[in-house]
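Bear in mind that the values in this text are calculations on the coordinates, not laboratory data. These figures come from a predicted structure and were not determined experimentally. Note: ideal-geometry Cβ built from the backbone for every residue, glycine included; neighbour counts use all protein chains shown.
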Amino acid sequence: MRVLLTISIISFIFFNCEPNTNAPDCNECGGGLLDGYLYKEVAINDIASLAEINVSVNIGKCIRFKMDGADFSEAVIVDDCCCSIYE
Amino acid sequence: MKPSTDFSIRSFIGGYDKNITYLINCNRTGAQVLVDASVELSQISPYINNSPLAIMITHGHKDHTAYLDQYISHHPSLVIVGHYASSINHYDRYKEIHDGEVIKVGELTLLAICTPGHYFDSICYKIDPALFTGDTMFVGRTGRVKSAKSDIEELYDSVYNKILTLPHDIRIYPGHDYGKKSSILLKENIKMSTLLQAKNLIDFKEKMKNYEDNRKSGS
């Protein structure tokens, strides 16, 4: 049934947490989405594409990158914490 | 499990079918991120500080992207994040995302988890301790597999080998308000949903068939 609710029902959840003091270096990961960057752990099928832009990196390391279609256009190795959303 | 920053989540229910758009607010920086474009902007506007920086699209079904043009027209710098093969990837501000990629917006950090099944381009977004599941998982059940590009075997893999491997104290924020409450802890959802208690793929298919046979409209 498709119902258009005219009244918005709003719930609000607040996550009261402490600052990320365990990994202060992660403040230096570099640019984010608004600069066009994403982050990922390097997988085996990334190796060849990264080699094409002269980035040599081991599987599992964290990179900050941009893509051009299916290929990397830019990639930099960054601290592992930049790819982790756990503390 | 601790989140990496202070943030809050507001949910707005409306749209075509009890859809939910979420507004994530970083309490340190004021940065805001949306999840899905399911409700009219007028519902959300009173809670927008300045301009939301990005919108995460959980999948390309029309009810989840219905108001995307409206959002963009009012917030032209909004970055759209979604599956690399989604039908909405023609937008200038579209940022294609793949499984396992990490998105940083200000101090907010989200993980994209591709969860095909309900639809081929389904993505869950994880920002501890929250998981935005779109139509892959609701309160009380998984998503359905009735679309042309649905696949029950992929849904089983996404739910059982991806979502259910996450810490069970993560909170699920689904794309529709179909359950007894609008969000739920994963461990509570497993207890109340037979579709999350399947022994294997065959059992999951039987449970899904049983659900469809007994389904009431709007549930």
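Observations on the structure shown:
- Selection of the range A:69-87 for residues being within 11 Å of chain B (Cβ to nearest Cβ) and surrounded by fewer than 16 Cβ atoms within 10 Å (Cβ to Cβ) yields A:Gly69, A:Ala70, A:Tyr86.
- Filter pass, B:Val33 being in a strand (DSSP E or B), out of contact with any Lys or Arg (no Cβ under 8 Å at 6 or more places or on another chain) and surrounded by 21 or more Cβ atoms within 10 Å (Cβ to Cβ): yes
- Restricting attention to the range B:62-83, the residues being under 17 Å from B:Gly15 (Cβ atoms) and small (Gly, Ala, Ser) number 1.
Residues checked against (1) over 21 Å from B:Asp157 (Cα atoms); (2) among the aliphatic types (A, V, I, L, M); (3) touching a His at 6+ places or on another chain (Cβ under 7 Å):
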position: B:Tyr178; (1), (2), (3): yes, no, no
position: B:Glu188; (1), (2), (3): no, no, no
position: B:Ala198; (1), (2), (3): no, yes, no
position: B:Ile202; (1), (2), (3): no, yes, no
position: B:Lys207; (1), (2), (3): no, no, no
position: B:Asp213; (1), (2), (3): yes, no, no
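- Residue count for the range B:201-217, restricted to those that are outside any helix (DSSP H, G or I) and exposed (fewer than 10 other Cβ atoms within 10 Å of the Cβ): 2.
- Being farther than 26 Å from A:Ser73 by Cα, away from chain A (no Cβ under 13 Å) and among the β-branched types (Val, Ile, Thr) holds for only one residue in B:Ile20, B:Ile72, B:Ile57, B:Ile24, and it is B:Ile72.
- Every residue from the range B:86-102 that is in a strand (DSSP E or B) and more than 13 Å from A:Met67 (Cβ to Cβ): B:Val102
- Evaluation of A:Ile59 against (1) among the aliphatic types (A, V, I, L, M); (2) more than 25 Å from B:Ile80 (Cα to Cα); (3) crowded, with 16+ Cβ neighbours inside 10 Å (one fails), failing number: (3)
- Note on the range B:178-196: among residues that are out of contact with any strand residue (DSSP E or B) (no Cβ under 8 Å at 6 or more places or on another chain) and part of a loop (DSSP other than H, G, I, E, B), the one that is farthest from B:Arg215 (Cα to Cα) is B:Lys181.
- Residue match in the range B:181-189 (condition: within 14 Å of another protein chain (Cβ to nearest Cβ), farther than 30 Å from A:Cys81 by Cα and touching a residue at least 24 places away in the same chain (Cβ under 8 Å)): yes
- Of the residues making up the range A:29-40, those that are out of contact with any Ser or Thr (no Cβ under 9 Å at 6 or more places or on another chain) and in a helix (DSSP H, G or I) are A:Leu33, A:Asp35.
- Qualifying positions in the range B:110-126 - at the interface with chain A (Cβ under 7 Å from one of its Cβ atoms) and either closer than 14 Å to A:Glu41 by Cβ or free of Cβ contacts under 8 Å to residues at least 12 places away in the same chain (or both): B:Leu111
- Residue in the range B:114-135 that is of a type outside the set (A, V, I, L, M, F, W, C) and surrounded by fewer than 19 Cβ atoms within 10 Å (Cβ to Cβ) present: yes
- Note on the range B:112-162: residues that are farther than 29 Å from B:Gln32 by Cβ, outside any loop (DSSP other than H, G, I, E, B) and out of contact with any Ser or Thr (no Cβ under 8 Å at 6 or more places or on another chain) amount to 7.
- Filtered residues of the range B:163-177 (kept if in contact (Cβ under 8 Å) with a residue 60 or more places away in the chain and not in a loop (DSSP other than H, G, I, E, B)): B:Tyr173, B:Pro174, B:His176
- The condition of being within 20 Å of A:Gly31 (Cβ to Cβ), free of Cβ contacts under 8 Å to residues at least 60 places away in the same chain and surrounded by fewer than 19 Cβ atoms within 10 Å (Cβ to Cβ) holds for only one of B:Ser77, B:Ser87, B:Ser73, that being B:Ser77.
- Residue count for the range A:41-69, restricted to those that are touching a helix residue (DSSP H, G or I) at 6+ places or on another chain (Cβ under 8 Å) and not in a strand (DSSP E or B): 5
- Test: B:Ala148 is surrounded by fewer than 24 Cβ atoms within 10 Å (Cβ to Cβ) and within 14 Å of chain A (Cβ to nearest Cβ): no
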